[in-house]
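One structure is given below, encoded as structure tokens.
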Protein chains: 2
Amino acid sequence: MALSSALLEQAVDQLATLPGIGRRTAMRLALDLLRRDLPEVVRFSEAVRNLREQVQYCSECCNISDRPVCDICANPSREPSQVCVVEDIRDVIAIENTHQYKGRYHVLGGVISPIDGVGPDNLHTKELFRRIAQGGIKEVILALGATLEGDTTSFFLYRKLNEAGVAVSVIARGISIGGDLDQVDEMTLGRSIADRKPYQQSIKQ
Amino acid sequence: MALSSALLEQAVDQLATLPGIGRRTAMRLALDLLRRDLPEVVRFSEAVRNLREQVQYCSECCNISDRPVCDICANPSREPSQVCVVEDIRDVIAIENTHQYKGRYHVLGGVISPIDGVGPDNLHTKELFRRIAQGGIKEVILALGATLEGDTTSFFLYRKLNEAGVAVSVIARGISIGGDLDQVDEMTLGRSIADRKPYQQSIKQ
């Protein structure tokens, strides 16, 4: 694709670096931006730059935050002895939306993925171990995705946390609520049978 | 979705203004940008802003161009009496890639779409009529998409150009080359029968 404009070429190149955006889509996005008023495009460009330039992370849980300590960590009514380990802010939002969890979080910022060159040191693992070392944390709940990378990360954290003498739990895996059995994949269904629990217990909740 | 960061919220809001990007995808893009090095994000942000701020349009054909007159309009070997009217730069690139066309272009910058509030005056139609009035153009080839909006625009231009005494043609519509008949939609197949031409003519090409 030979373009008559280096400016357009550069914008398309940059937009195409976004995950899931190919050159064709990037061109569509660039032409859409071109049709807008200048102040609108400046607002777009600044919002992206400001995010990266001014972003702060909570000094406790490493979540993205505009303050040195995030709202959840600063909230005294959130149980400080319980820490739920998640991949990123989206997972915090998802869990908060359930209104089921009253403890604190720890945001890793990713999962271990050797293919992408992400090891434990590229994640906020040191900060987690530091929090554990400071004492007061009794339970760590691992709430990472049920993927190869998520499982690898959970196993890594389990071994380290176990050494430190903290109780480690992992969120339940099983069939979705409202789901039909014949729609569930074999792995999940197999796991949900292996992880069955007494009926008496399930109706108590 | 309540976010703990206004900076993130603003970036997600802005990314979600892009066509085809919902808030979920916008969040994924924002988190991806956050993981990059600052100079990389600055380059991204600047490329978008520069495009809108510094873009120029060819004074002849209205295509995006870094020079006052684009490479095609400045090329003396391109037939000046033939002008192909297209929607945007993507169509110029697509037609150039066929190596079948040696005339000039006129880029409308869109098509008439009352729903989106786009009328003839929002497009580079005046510039086209000005080129026609200057004389020297014998044929205008309408190469707009075969959509309701494209057809409306073609009809509008046809009436105006016809008044001006220019020959107006439209690119052929029919079955794709290499296509099976049973894969073709009824409208296209019907059109390709109505627009049939003598076999003798078709083998000459």
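Rule-based calculations on the coordinates, nothing more; no lab input. Only a predicted model underlies this, so the values are computations on that prediction, with no experimental measurement involved. Note that each Cβ is placed from the backbone with ideal geometry, even for glycine, and that neighbours are counted across all protein chains shown.
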DSSP beta bridges in the protein assembly as shown: the antiparallel percent, rounded to 5, is 20
CD proxy, 222 nm, the protein assembly as shown: helix-only mean residue ellipticity via -39,500 (n - 2.57) per DSSP H run with n ≥ 4, per residue, nearest 500, stands at -13500 deg cm²/dmol
Applying the gyration tensor rule to the Cα atoms of the protein assembly as shown (axes a ≥ b ≥ c; rounded if a/c under 1.5, else prolate if a/b exceeds b/c, else oblate), the class is prolate
In Å, the C-alpha Rg and Dmax of region A:83-186 are 14.6, 47
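Report the local net charge at B:Ser192: Lys and Arg +1, Asp and Glu -1, summed over other residues whose C-beta lies under 15 Å from its C-beta.
Residues close to B:Ser192 contribute a combined charge of -1.
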Phi angles of region B:29-39, converted by Karplus (6.51 cos²θ - 1.76 cosθ + 1.60, θ = phi - 60°) into ³J(HN,Hα) in whole Hz with x for Gly and Pro, give 5, 4, 5, 5, 5, 4, 7, 8, 5, 4, x
So, in nm and shortest first, the distances from B:Ala6 to its counterparts in the other copies, with label points 7 Å along Cα→Cβ, work out as 3.9
From fewest to most C-beta neighbours within 10 Å, the residues A:Glu186, B:Glu96 line up as A:Glu186, B:Glu96
For chain B, the Debye formula with one identical point scatterer on each Cα and no solvent gives log10 I(q)/I(0) at q = 0.11 Å⁻¹ as -0.74
Per the C-alpha gyration tensor (a ≥ b ≥ c, the square roots of its eigenvalues), region A:147-204 is rounded if a/c is under 1.5, else prolate if a/b beats b/c, else oblate; here it's oblate
Output row for A:Glu186: copy-to-copy label distances, label 7 Å along Cα→C-beta, ascending, in nanometres, one decimal, is 4.4
Flagged as over-length at 20 Å C-alpha distance, from B:Lys126/B:Lys160; B:Lys102/B:Lys197; A:Lys102/A:Lys138; A:Lys102/A:Lys160, the pairs are B:Lys102/B:Lys197; A:Lys102/A:Lys160
Taking the axis of the rotation relating chain A to chain B, the A residue whose Cβ comes closest, together with that distance in whole Å, is A:Ser45, 2
Inter-copy distances for A:Tyr158, nm, shortest first, label points 7 Å along Cα→Cβ, are 7.0
Per the C-alpha gyration tensor (a ≥ b ≥ c, the square roots of its eigenvalues), region B:6-54 is rounded if a/c is under 1.5, else prolate if a/b beats b/c, else oblate; here it's oblate
